[in-house]
Amino acid sequence: MCGIVGYIGFEDAAPFLLEGLSKLEYRGYDSAGIAVYDGTKIDVAKSVGRLSILEKKLDKAMPIGKMGIGHTRWATHGRPSDGNSHPHTDCSGKFVVVHNGIIENYLHIKERLLENGHVFSSETDTEVVAHLLEEYYEGDFEATVKKVLAEIEGSYALVFMCEYEPDKIICSKQDNPLVIGLGEGENFIASDIPAIINKTRKTYILSDGEMAIVTKDSVWVMNRQGVPISKKVFEVHWDAEAAEKGGYEHFMIKEIYEQPKAIRETMSSRLAKDENSIIFDELKWTADEVAAIKKIAIVACGTAYHAGVVGKYYIEQLAKIPVEVDIASEFRYRGPLIDEQTLTIVISQSGETSDTLAALKEAKRLGSRTLAVTNVVGSSIAREADQVIYTYAGPEIAVASTKAYTTQLVSMLMVSLYLGTLKNTISEKRAHEIIHGLRELPAQAHRLLEDVEPIKTFAQNYGFSEDVFFIGRSLDYAVALEGSLKLKEISYIHAEAYAAGELKHGTLALIIEGVPVIALATQYDVYEKTLSNIKEVKARDAVVIGLAMEEDKSIAKYVDHVIFIPRTDKYLAPILAVIPLQLLAYYAAVTRGCDVDKPRNLAKSVTVE
Ligand code: AGP
């Protein structure tokens, strides 16, 4: 997720571009840059790091000109660096582009452009767009853009400028947001409303497949074949702060709702289009290399640790490799038996968690091969690990991790399938079933998010409970761990997760009349056992909220309320089951008036041990 701005009008562009980017830093902050047409040429200024570094750089050399574009980056392809920062230009510097999204076929295009003599200055997917403009330009910028858009595949919000035609900015979107702010003698472009709300409240919200030709006095919207589209003006009534959250009340609920897209983007380049297999260009392991792995250690903290607990089930059941899962702050001090035959997987949304980074370094010291699963390109953990798998969840601002967790689970499941296929421990049929389930996930997650009223009601009814218990067996237990952390950390309710079979060994003493118990029952191989545990707590007059697959017609007889998730493969159930638990935690915290995005005593990234 990146931030994009554009300006064309009677004022100097640079001040708006920088101000607009500052309002979009929540969309990405690895690097920033602007490009301004100064009347004869296009000036590009960009630098790695926060926007403030670029502003400092421009303090004495602010580009002057009435047309410009800008970008603040959330790296996906190519680590954060000056060279990988946007805007990107072609060889001549006469074509400039900024981009939010992923050009999936960029490698193939880049190979052809290199053969044609183009010189690249970055590792990004975006740069190919600038060189394509140069390759195809024959005097008509609009026609050139259409030709480029017809060739690229993937998700994008793209904004283009060209020195030969400095009276217009062209933009187009597919799967990533782009709005046009309508002014008087000036027009604005941005990824999101916060960047333009102080200039105008009249906007066009571009839809997928649309492109726009923006001049200082006009905005022509059309489809990518040039057929004009008449757009209704969307009047923005949000205040600036609400706009940053896209109209949501908190970043956490916004990020919960971003999960279908985050899951889709994390899978998109790894699910082979023409067949049911997993591709990890970033791994390229051989069967021999995988056969040499005698043990896997998964190390992480908090929510990432809970993703590791799920990952253990995935890897052991699909790839038949023994897995140990450790909390990072414990790992180093238990004398882990790690060596060259161990693969250590560290999971970290931020890629900066000190305990996890320290555990990673210890695993390397012991000779282990290391793999990081992280959401931040170029983070300390990404740089320290031998290999990295990125989740493409976009910046996660709320302290409570949501979309990072579900994309970590998707990543761990894909790694397990990848390992199992290389080890021949999973049948082609079974792999296809699971991959089919993965493809359905984004739509199923979206469906889950369409009707949250029942969960909101639960949260309002039980939001003032002192204690809440989460129980489950097998993968349901792993998800119960995450559900209890979510509730605990943002609503401050004392929530605990227990293996359902463990209740009778002590915890049952705490189950008294009216205590809410969330019972997860999606795993059919342990379903009967879970039901008997539900009966145990019901016999003590607990209030039980069951969480089951929608075709389960019997669970309602044993619980007080039921939350259903769409029917799916048992390995995919955790990815859907956690969403209602995230919502339950969120609405409980709202009911209690807690500071949802910044819960007391907690930080988003724990960079101290
Ligand atoms: C999760 O909601 C918490 N914010 C916290 O447990 C977090 O998961 C943990 O600190 C690990 O962070 P990381 O994924 O960035 O390493």
Any chance the range 212-232 includes a residue that's under 17 Å from I69 (Cα atoms), of a type in the set (V, I, T) and in contact with a Lys or Arg (Cβ under 6 Å, 6 or more places away or on another chain)?
yes
Tabulated pairs, the range 102-128, first more than 18 Å from S92 (Cα to Cα), second assigned to a loop (DSSP other than H, G, I, E, B) and among the aliphatic types (A, V, I, L, M), C-beta under 6 angstrom, 6+ apart or interchain:
I103/I152
P63, sole failed condition from (1) in contact with a Ser or Thr (Cβ under 7 Å, 6 or more places away or on another chain); (2) crowded, with 19+ Cβ neighbours inside 10 Å; (3) farther than 25 Å from G139 by Cβ:
(1)
Restricting to the range 123-144, name every residue that is β-branched (V, I, T) and closer than 22 Å to G33 by Cα.
T124, T126, V128, V129
Name the single residue that is nearest to the chain's Cα centre (by Cα) among those in the range 370-382 being part of a loop (DSSP other than H, G, I, E, B) and of a type outside the set (S, T, N, Q).
V376
Residue hits (the range 84-103; outside any strand (DSSP E or B) and either surrounded by 21 or more Cβ atoms within 10 Å (Cβ to Cβ) or in contact with a His (Cβ under 7 Å, 6 or more places away or on another chain) (or both)) are N84, S85, H86, P87, D90, C91
Would you confirm, using the coordinates I've provided, whether Y106 is farther than 23 Å from K66 by Cα, crowded, with 20+ Cβ neighbours inside 10 Å and in contact with a His (Cβ under 8 Å, 6 or more places away or on another chain)?
yes
Checking I298 against (1) within 14 Å of the ligand (Cβ to nearest atom); (2) free of Cβ contacts under 8 Å to residues at least 12 places away in the same chain: exactly one of these is not met. Which one?
(2)
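Could you list all residues from the range 457-486 that are in a strand (DSSP E or B) and away from the ligand (no atom under 16 Å from the Cβ)?
Taking the range 457-486 and keeping what is in a strand (DSSP E or B), we get 467-472.
Scanning the range 457-486 gives D467, V468, F469, I471, G472.
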Let me confirm something: among Q341, Q317, which residue is of a type in the set (S, T, N, Q) and under 27 Å from the mean Cα position of the chain (by Cα)?
Q317
Residues of the range 310-344 being within 15 Å of the ligand (Cβ to nearest atom) and under 27 Å from K429 (Cβ atoms), in sequence order, are V310, G311
Can you tell me which of (1) within 16 Å of the ligand (Cβ to nearest atom); (2) surrounded by fewer than 17 Cβ atoms within 10 Å (Cβ to Cβ) is the one A539 doesn't meet?
(1)
So which of A404, A359, A393 is within 16 Å of the ligand (Cβ to nearest atom), touching a Lys or Arg at 6+ places or on another chain (Cβ under 6 Å), touching a residue at least 40 places away in the same chain (Cβ under 8 Å) and within 21 Å of P574 (Cβ to Cβ)?
A393
A292 is checked against (1) within 16 Å of the ligand (Cβ to nearest atom); (2) within 30 Å of K429 (Cβ to Cβ) and fails just one. What number does that condition carry?
(1)
Which of (1) part of a loop (DSSP other than H, G, I, E, B); (2) small (G, A, S); (3) touching a Lys or Arg at 6+ places or on another chain (Cβ under 8 Å) is the odd one out, the single condition A45 does not satisfy?
(1)
Inside the range 318-330, the number of residues satisfying the requirement of being touching a residue at least 24 places away in the same chain (Cβ under 8 Å), farther than 17 Å from E384 by Cα and not in a strand (DSSP E or B) is 6
Scan the range 246-287 for residues that are closer than 23 Å to T370 by Cβ and either of a type in the set (F, W, Y) or touching a Phe, Trp or Tyr at 6+ places or on another chain (Cβ under 9 Å) (or both) and jot them down.
T266, S269, R270, I278, I279, F280, E282, L283, W285
Criterion first (of a type in the set (A, V, I, L, M, F, W, C), within 30 Å of S379 (Cα to Cα) and in contact with a helix residue (DSSP H, G or I) (Cβ under 6 Å, 6 or more places away or on another chain)) does A548 satisfy it?
no
Looking at (1) touching a strand residue (DSSP E or B) at 6+ places or on another chain (Cβ under 8 Å); (2) crowded, with 23+ Cβ neighbours inside 10 Å; (3) of a type outside the set (D, E); (4) assigned to a helix (DSSP H, G or I), which one does M252 not meet, given that it meets all the others?
(1)
How about the range 26-42: which of its residues are at pLDDT 95 or above and either within 28 Å of the chain's Cα centre (by Cα) or buried (at least 20 other Cβ atoms within 10 Å of the Cβ) (or both)?
A32, G33, I34, A35, V36, Y37, I42
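Within the range 48-83, count every residue that is acidic (D, E) and not in a loop (DSSP other than H, G, I, E, B).
Matching residues across the range 48-83 total 1.
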In the range 584-609, residue surrounded by the most Cβ atoms within 10 Å (Cβ to Cβ) [restricted to those that are more than 9 Å from the ligand (Cβ to nearest atom) and modelled with pLDDT under 85]:
K598
Going through the range 383-420 in order, the residues found to be at pLDDT below 95 and assigned to a helix (DSSP H, G or I) are R383, E384
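Take the residues in the range 365-388 that are within 12 Å of the ligand (Cβ to nearest atom) and aliphatic (A, V, I, L, M), then tell me which one is farthest from L337 (Cα to Cα).
We begin by selecting, within the range 365-388, every residue within 12 Å of the ligand (Cβ to nearest atom); these are 372-376, 379-382.
Now narrow it down to the ones that are aliphatic (A, V, I, L, M): 372-373, 376, 381-382.
Values: A372: 19, V373: 22, V376: 29, I381: 21, A382: 23 Å.
Within the range 365-388, the match that is farthest from L337 (Cα to Cα) is V376.
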Odd one out for A495, checked against (1) under 22 Å from S416 (Cβ atoms); (2) within 16 Å of the ligand (Cβ to nearest atom)
(1)
Out of curiosity, is K429 more than 16 Å from the ligand (Cβ to nearest atom), basic (K, R) and more than 23 Å from A548 (Cα to Cα)?
yes
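The values are calculated or read from the model by the stated rules, or taken from the named source; none is laboratory data. Only a predicted model underlies this, so the values are computations on that prediction, with no experimental measurement involved. Here the Cβ is made from the backbone with ideal geometry for all residues, glycine too, and neighbour counts use every protein chain on show.
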